[in-house]
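See below for the structure under consideration.
The values are calculated or read from the model by the stated rules, or taken from the named source; none is laboratory data. Not measured: the values here are computed from a predicted model. Cβ placement follows ideal geometry from the backbone for every residue including glycine, while neighbour counts extend to all protein chains displayed.
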């Protein structure tokens, strides 16, 4: 189903705002009730409760996280949301600058039904360690 690209851009902005709120439930509210995310081919975080747990994990690991939308590509109801997040690792205090993307399938109500998230976990570990 084709969705309005302007509506999708507004949604992406709301998604950034949700992440930057520091509130896991705001991130989860961007997903359909039964929506979910898989990060780097890991285990799925399915349903809003589990999505909130995923976001809480990021907040626990990255103090003062700030998310930026670097680019957005839209093809019907499929979206590539290209992002960067910055902050400090809570364990090491090291500055982080992590780049990645999510591939969204949006539902008719405009929330995320499914997301495949990707980032370079080796680079993330290097930044955490200070290498």
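Somewhere in the stretch 42-60, is a residue in contact (Cβ under 8 Å) with a residue 60 or more places away in the chain and touching a strand residue (DSSP E or B) at 6+ places or on another chain (Cβ under 7 Å)? For the stretch 42-60, residues in contact (Cβ under 8 Å) with a residue 60 or more places away in the chain and touching a strand residue (DSSP E or B) at 6+ places or on another chain (Cβ under 7 Å): absent. Of all residues in the stretch 120-131, those that are part of a loop (DSSP other than H, G, I, E, B) have Cβ atoms under 6 Å from Cβ atoms of residues that are surrounded by 13 or more Cβ atoms within 10 Å (Cβ to Cβ) and modelled with pLDDT of 95 or more, 6 or more apart or on another chain, in 130/94. Pairs linking a residue in the stretch 6-19 that is closer than 15 Å to residue 32 by Cα to a residue that is at pLDDT 95 or above and in a helix (DSSP H, G or I), with Cβ atoms under 8 Å and 6 or more positions apart or on different chains, are 15/27; 18/26; 18/27. Does the stretch 24-37 hold any residues that are surrounded by fewer than 18 Cβ atoms within 10 Å (Cβ to Cβ) and either more than 13 Å from the chain's Cα centre (by Cα) or in contact (Cβ under 8 Å) with a residue 12 or more places away in the chain (or both), and which are they? Listed by number, the residues that qualify are 25, 29, 33, 34. Quick check, is residue 85 in contact with a helix residue (DSSP H, G or I) (Cβ under 8 Å, 6 or more places away or on another chain), free of Cβ contacts under 8 Å to residues at least 60 places away in the same chain, closer than 14 Å to residue 15 by Cβ and in a strand (DSSP E or B)? Criteria not met by residue 85.
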